[in-house]
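Presented below is the structure to which this report refers.
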Amino acid sequence: MSEGSTTRYRIGYALAPKKVKSFIQPSLLNLAKERGIDLFPVQTTKPLIDQLPFDCIIHKSSDPEWRNQLEQLLMQKPNIVVIDRPEAIERLHNRVTMLQAVNQLEIGNGFSIGVPKQVSVENPQSLIDSVASSGLRFPVIVKPLVANGTACSHKMSLVFNEEGLRGLNLSQPFVLQEFVNHGGVIFKVYVAGKHIQCVKRRSLQDISEEKLGISENSVSFSQISNVTAQDHNDDGVEKLVEAAELPPSSFVTEVASQLREALKLNLFNFDMIRDSRVEGRHLVIDINYFPGYAKMPCYETILTDFFLDSVRKKPSVVSKDC
């Protein structure tokens, strides 16, 4: 669409009120409008077919009725672009299945990608046995198996020993993921179709063998990138993050592009760390659907470019600058 074109596209968004507040900012609405895109809220409690026309629908809802409406719409109106397919999103709601695709990636040029050693535990009573049989070494991160965006799914613990595991009050299936020293920095890679941006954030600090022996049994937190730094002041942590070098853009782009193909998703981000034990080795520790894009620099430009790619169905390029 050239400047001055009268062609306009209608994109419907079905998002929870909290997501609407953070994502549908005036800055995004205005830029999208300038470029020929009108964003409209979709009422998930009303028949979707009655709210047409839409050229594209973006959504983040796990409600079974909403999923049924989307499937019916896709059968009746196959020309409407739905981002993303419910069955593909569902894969990210489980912390085991979300990372399986990472092991399928083939990355070269001196770099490698993988996931930390982890094991899922259905019965908390078999906790200690699960650690012993899996070969996991302390410390470990305990995460709920279900990753559906609820407050409960974000409750995690860093556990330093068996006593720490015994002290946890666990009533649901969860995952034990081996903690890997990574320099106290996490890389958050945002993906919007072929548009990719990597940012760095503070993370859990490295744990030495000496510290492991004198640490408390466990520490609880909700987000690794927001965890309170242990034994570090804020200035020291921020300097650490500032000094950290981002992974090469070609490597980040290759990982993101291959993950996008493997997951069959367009709107997601993944948390990646640099494995301090092996040169060039990186680990994906989490993948989230439709993350907080507003935290990403220039998110309005990147998302608008992605919307246009989607409705025009033309190849796009990776966004590097604002």
Open item on the list: Run the simple label-point estimate for SER208 and ARG8 please: 7 Å along Cα→C-beta, distance reported in nm.
Closed with: 6.3
Open item on the list: Let me cross-check GLU210: its accessible surface, 1.4 Å probe, with only protein heavy atoms counted, in Å² to the nearest 10?
Closed with: 150
Open item on the list: Please list, by residue number, every one of the chymotrypsin sites (Phe, Trp or Tyr not before Pro) in region 35-134 that is coil in DSSP and has at most 14 other beta-carbon atoms within 10 Å.
Closed with: none
Task: Whole-Å distance, taken between Cα centres, linking region 8-58 and region 116-186 - done: 38
- [ ] Leaving ligands, DNA and RNA out of it, rank GLU300, GLU34 by accessible area with a 1.4 Å probe, largest first.
- [x] GLU34, GLU300
Task: Formal net charge of residues neighbouring GLN25 (Cβ-Cβ distance under 15 Å; K, R +1; D, E -1) - done: +3
TODO: Rank these residues by their accessible area, most exposed first, probe 1.4 Å: CYS152, CYS298.
DONE: CYS152, CYS298
TODO: Quote the FRET efficiency, to the nearest 0.05, computed for ARG281 versus GLU122 with a Förster distance R0 of 45 Å and r equal to the Cβ-Cβ distance.
DONE: 0.90
Open item on the list: Please compute the alpha carbon radius of gyration of the chain, then divide it by the globular-protein estimate 2.2 N^0.38 Å. Two decimals is fine.
Closed with: 1.07
- [ ] Excluding GLN104 itself, calculate the net charge of residues whose Cβ lies under 14 Å from the Cβ of GLN104, where each Lys or Arg counts +1 and each Asp or Glu counts -1.
- [x] 0
Open item on the list: I need the helices of the chain that pass two filters: whole DSSP H segments spanning 20 Å or more by Cα along the axis, and mean Kyte-Doolittle score no lower than -0.5.
Closed with: 249-263
Open item on the list: What are the ³J(HN,Hα) couplings of region 194-211, residue after residue, when phi is run through the Karplus curve with 6.51, -1.76, 1.60 and θ = phi - 60°? Round to Hz, x for glycine and proline.
Closed with: 8, 9, 9, 9, 10, 10, 10, 9, 5, 9, 4, 6, 4, 10, 7, 4, 5, 5
Open item on the list: I want the local charge near LEU127. Using Cβ-Cβ distances under 11 Å, sum +1 for each Lys or Arg and -1 for each Asp or Glu among the other residues.
Closed with: -2
TODO: Compute, for GLU178, the solvent-accessible surface of its heavy atoms (probe 1.4 Å) with the complete set of protein chains present, and express it in square angstrom to the nearest 10.
DONE: 30
- [ ] With label points built 7 Å along Cα→Cβ from the Cα atoms of ASN68 and ARG137, find their separation and express it in nm.
- [x] 5.1
TODO: Would you mind checking region 268-291 for residues with the amide N under 13 Å from a putative spin-label position 7 Å along Cα→C-beta of VAL199?
DONE: 269-270, 291
Task: Sulfur and carbon atoms: percent of accessible area, the chain [1.4 Å] - done: 48
Open item on the list: Heavy atoms of the protein only, probe of 1.4 Å, neighbouring chains included. What is the accessible area of THR301 in Å², nearest 10?
Closed with: 50
Open item on the list: Given contacts defined as C-alpha pairs under 8 Å and at least six residues apart, what's the relative contact order of the chain, whole-number percent?
Closed with: 20
Open item on the list: Need one number: nm distance between label points at THR150 and ALA88, each 7 Å from Cα along Cα→Cβ, rounded to one decimal.
Closed with: 2.6
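The values are calculated or read from the model by the stated rules, or taken from the named source; none is laboratory data. None of these values were measured; they are calculated from a predicted model. Because the Cβ atoms are built from the backbone with ideal geometry, glycine has one as well, and the counts that use them run over all protein chains shown. Surface areas here come from the heavy atoms of the whole protein model, side chains and all, with no ligands, DNA or RNA. Shrake-Rupley method; radii C 1.70, N 1.55, O 1.52, S 1.80 Å.
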